[in-house]
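Worksheet for the structure shown next.
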Amino acid sequence: QVQLVESGGGLVQAGGSLRLSCAASGSIFSINLMGWYRQAPGKQRELVAGITDGGRSNYVDSVKGRFTISRDNAKNTVYLQMNSLKPEDTAVYYCNADTILARYWGQGTQVTVSS
């Protein structure tokens, strides 16, 4: 089992920045891929960014150049640095961890960007 605890969401004006953190505990040795998803009201959950245990990352096109995902394996924590935020980035952001056997989710953290 893997437990994920997110922090760092909040309310920010357009153009501002936020950093999300996700701390993993439990069977962390089994985690290979971690990522951030988001779900806006009335929309499907979408992958925002993912990062492998080797540090390779990928992003959805809408956040490329604005968001950066990073991973501190020593702290078992993944981060999402979000810059130049836009109102359309408003959503609940979920941390995700994949092992070969299961997918785990955090509880979600709200990010609201005002125009």
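The values are calculated or read from the model by the stated rules, or taken from the named source; none is laboratory data. What you are looking at is a predicted structure, and each value in this text was computed from that prediction instead of being measured. For neighbour counting, all protein chains shown are included, and Cβ atoms are generated from backbone atoms with ideal geometry for every residue, glycine included. Please note that ligands, DNA and RNA were not included when accessible areas were found on the heavy atoms of the full protein model with its side chains. Shrake-Rupley method; radii C 1.70, N 1.55, O 1.52, S 1.80 Å.
Figure legend. Inter-residue proximity from region 16-44: first residues under 14 Å from Tyr94 (Cα atoms), second residues in a loop (DSSP other than H, G, I, E, B) and open to solvent by 60 Å² or more (accessible area, probe 1.4 Å), beta-carbon distance below 6 Å, spacing 6+ or different chains. Indicated pairs: Tyr37/Arg45; Gln39/Arg45. Taking the listed residues Val78, Val12, Val2, Val92, the one that is of a type outside the set (Lys, Arg) and touching a helix residue (DSSP H, G or I) at 6+ places or on another chain (Cβ under 8 Å) is Val2, with no other qualifying. Exactly one of (1) of a type outside the set (Asp, Glu); (2) in a strand (DSSP E or B); (3) open to solvent by 50 Å² or more (accessible area, probe 1.4 Å) is unmet by Met34. Its number? Condition not satisfied by Met34: (3). Selection of region 37-51 for residues being of a type in the set (Lys, Arg) and surrounded by 12 or more Cβ atoms within 10 Å (Cβ to Cβ) yields Arg38, Arg45. Given the criteria of a type in the set (A, V, I, L, M) and in contact with a Cys (Cβ under 6 Å, 6 or more places away or on another chain), does Val78 qualify? So Val78 passes the test. Taken as a whole, the structure places Gly54 among residues that are out of contact with any Ser or Thr (no Cβ under 7 Å at 6 or more places or on another chain), open to solvent by 40 Å² or more (accessible area, probe 1.4 Å), within 20 Å of Leu4 (Cα to Cα) and without any contact (Cβ under 8 Å) to a residue 60 or more places away in the chain. Residues in region 61-83 that are modelled with pLDDT of 95 or more and open to solvent by 40 Å² or more (accessible area, probe 1.4 Å): Asp61, Ser62, Lys64, Gly65, Thr68, Ser70, Gln81, Asn83.
Selection of first residues in region 66-93 that are within 20 Å of Gln3 (Cβ to Cβ) and of second residues that are surrounded by fewer than 16 Cβ atoms within 10 Å (Cβ to Cβ) and among the basic types (Lys, Arg), restricted to Cβ pairs under 8 Å at least 6 apart or on distinct chains, gives the following pairs, ordered by first then second residue: Tyr79/Arg19; Leu80/Arg19. Report yes if some residue within region 20-30 is of a type in the set (A, V, I, L, M, F, W, C), part of a helix (DSSP H, G or I) and either out of contact with any helix residue (DSSP H, G or I) (no Cβ under 7 Å at 6 or more places or on another chain) or open to solvent by less than 40 Å² (accessible area, probe 1.4 Å) (or both); otherwise report no. Looking for residues that are of a type in the set (A, V, I, L, M, F, W, C), part of a helix (DSSP H, G or I) and either out of contact with any helix residue (DSSP H, G or I) (no Cβ under 7 Å at 6 or more places or on another chain) or open to solvent by less than 40 Å² (accessible area, probe 1.4 Å) (or both), one finds at least one in region 20-30, hence yes. Within the set Tyr93, Tyr104, the sole residue that is of a type outside the set (Gly, Ala, Ser) and open to solvent by less than 20 Å² (accessible area, probe 1.4 Å) turns out to be Tyr93. Considering region 1-19, and only residues there that are of a type in the set (A, V, I, L, M, F, W, C) and surrounded by fewer than 16 Cβ atoms within 10 Å (Cβ to Cβ), the residue that is nearest to Gly106 (Cα to Cα) turns out to be Val5.
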